[in-house]
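A.B. asks: Below is the structure I would like to discuss, written out as structure tokens.
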Amino acid sequence: MTTLRIATRKSPLALWQSEHVASCLRAAHPGLDVVLVPMSTRGDEVLDRSLAAIGGKGLFLKELELAMQRGEADCAVHSLKDVPMELEPGFALPAILTRADHADAFVSNRFDGIDDLPQGARVGTSSLRRQSQLRARRPELQLLDLRGNVNTRLAKLDAGDYDAIVLACAGLQRLGFDARIRARLDAPDWLPAPAQGAITIECRNDDVSIADLFAVLDDATTRSCVEAERAMNRALHGSCHVPVAAFAQLCDGIISLAGLVGSASTGAVVRADAKGPVDAPDALGIRVAEMLLAQGAGALIDAAL
């Protein structure tokens, strides 16, 4: 193969991520011509409703998968947190890049952190996971929907629509907005979305030559950790309809996984954590999911659906 076509969403962050992957590929495979195929997805186009209301994060993938099926692209680049727990039949994830910052970012022009916000302050986020953790910590805040790409969300904050917004640190850092991060919201007190901060590549599962090209970009540590997080989410039947958070770390061959299920309406949360060997991330994820269910996570999940 002399030319590789990467399907990508058109948002500035998606284009940055795809160009980053393209640069890594060019460095690993001199002579390989890598081109981007920018596409618009329904998840990008419908901004007046929450993702949960219009069908979930899978909407960011569907058009890119169709492009691969039609032969218009060879692969696609995604934020792994946007990839459904169960891939569409016929697709695989041949590489997961080294994870960037996993944490959420508190962004405000006037306040230094969640605890500094005045009573009734307006906080923008459409993530039920973020809403549930905000509600648990500050039940009196006004939590308002916030959709659009990173630049659009920052512009709405700057226009005075919100007192603060919550975004992913990795997205801000990748676009050069590090200075907008007033506080990192980090584990163990605050948990990110499963696989937040990780970039992945999707291709057809029968395209061995494409998978071979990407093998050099796969990070084993990141893969083990995000597989544990995604296994927990899968066992809980989690989606963007359900406030689920997870974060795994690897140390000396042992994965530590913390999980959370919450309620965006009441602020109720249940938490669990456990450790397991690096070669069994799925089993660890399932175990933490079972611990959460034993504490009543099922009722919170049912209430969200």
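A.B. asks: Taking the range 242-276, which residues are more than 22 Å from Ala294 (Cβ to Cβ) and not hydrophobic (A, V, I, L, M, F, W, C)?
C.D. replies: Gln249, Asp252, Gly253, Ser265
A.B. asks: Hey, can you tell me all the residues within the range 211-249 that are open to solvent by 10 Å² or more (accessible area, probe 1.4 Å), within 16 Å of the chain's Cα centre (by Cα) and of a type in the set (Asp, Glu)?
C.D. replies: Glu227 - this is the single residue of the range 211-249 that is open to solvent by 10 Å² or more (accessible area, probe 1.4 Å), within 16 Å of the chain's Cα centre (by Cα) and of a type in the set (Asp, Glu).
A.B. asks: Kindly indicate the residue of the range 250-281 that is surrounded by 16 or more Cβ atoms within 10 Å (Cβ to Cβ) and either closer than 15 Å to His237 by Cβ or acidic (Asp, Glu) (or both) and also farthest from the chain's Cα centre (by Cα) among those meeting that condition.
C.D. replies: Asp273
A.B. asks: So which residues in the range 114-138 are within 14 Å of Leu167 (Cα to Cα) and either open to solvent by less than 10 Å² (accessible area, probe 1.4 Å) or in a helix (DSSP H, G or I) (or both)?
C.D. replies: Ile114, Val123, Gly124, Thr125, Leu128, Arg129, Arg130, Gln131, Gln133, Leu134
A.B. asks: Can Asp33 be described as over 16 Å from the mean Cα position of the chain (by Cα), modelled with pLDDT of 95 or more and buried (at least 18 other Cβ atoms within 10 Å of the Cβ)?
C.D. replies: It is false that Asp33 is over 16 Å from the mean Cα position of the chain (by Cα), modelled with pLDDT of 95 or more and buried (at least 18 other Cβ atoms within 10 Å of the Cβ).
A.B. asks: Here is a check on your reading of the model: is Glu88 open to solvent by 40 Å² or more (accessible area, probe 1.4 Å), modelled with pLDDT under 95, touching a Ser or Thr at 6+ places or on another chain (Cβ under 7 Å) and over 18 Å from Arg130 (Cα atoms)?
C.D. replies: Here the answer is no, as Glu88 does not meet what is asked.
A.B. asks: Of all residues in the range 237-265, which are modelled with pLDDT of 95 or more and out of contact with any Lys or Arg (no Cβ under 9 Å at 6 or more places or on another chain)?
C.D. replies: Phe247, Ala248, Gln249, Leu250, Cys251, Asp252, Gly253
A.B. asks: Here is a further query. Considering only the range 91-105, state which residues are assigned to a loop (DSSP other than H, G, I, E, B) and either of a type outside the set (A, V, I, L, M, F, W, C) or open to solvent by 50 Å² or more (accessible area, probe 1.4 Å) (or both).
C.D. replies: Answer for the range 91-105, where residues must be assigned to a loop (DSSP other than H, G, I, E, B) and either of a type outside the set (A, V, I, L, M, F, W, C) or open to solvent by 50 Å² or more (accessible area, probe 1.4 Å) (or both): Thr98, Arg99, Asp101, His102.
A.B. asks: I would also like to ask the following. For Leu146, work out the one condition from (1) without any contact (Cβ under 8 Å) to a residue 24 or more places away in the chain; (2) part of a loop (DSSP other than H, G, I, E, B); (3) closer than 26 Å to Ser40 by Cα; (4) open to solvent by 40 Å² or more (accessible area, probe 1.4 Å) it doesn't fulfil.
C.D. replies: Exception for Leu146: condition (4).
A.B. asks: Shifting gears a bit: If you take the residues of the range 74-115 that are farther than 26 Å from Val226 by Cα and hydrophobic (A, V, I, L, M, F, W, C), which of them is nearest to the chain's Cα centre (by Cα)? Steps first, please.
C.D. replies: Within the range 74-115, the subset farther than 26 Å from Val226 by Cα is 108-115.
Keeping just the survivors that are hydrophobic (A, V, I, L, M, F, W, C) gives 111, 114.
Numbers: Phe111: 25, Ile114: 21 Å.
Result: Ile114.
A.B. asks: Could you say which residue among Ala168, Ala159, Ala198 is under 28 Å from Leu250 (Cβ atoms) and either open to solvent by 10 Å² or more (accessible area, probe 1.4 Å) or touching a Pro at 6+ places or on another chain (Cβ under 8 Å) (or both)?
C.D. replies: Details: Ala159 fails: under 28 Å from Leu250 (Cβ atoms); Ala198 fails: either open to solvent by 10 Å² or more (accessible area, probe 1.4 Å) or touching a Pro at 6+ places or on another chain (Cβ under 8 Å) (or both).
None of the other options fit; the residue is Ala168.
The values are calculated or read from the model by the stated rules, or taken from the named source; none is laboratory data. Here the structure is a predicted model, which is why all the values come from computation and not from measurement. Cβ: placed from backbone, ideal geometry, glycine included. Neighbour counts: every protein chain shown. Side chains included, ligands, DNA and RNA excluded: accessible areas come from the protein's heavy atoms. Shrake-Rupley method; radii C 1.70, N 1.55, O 1.52, S 1.80 Å.
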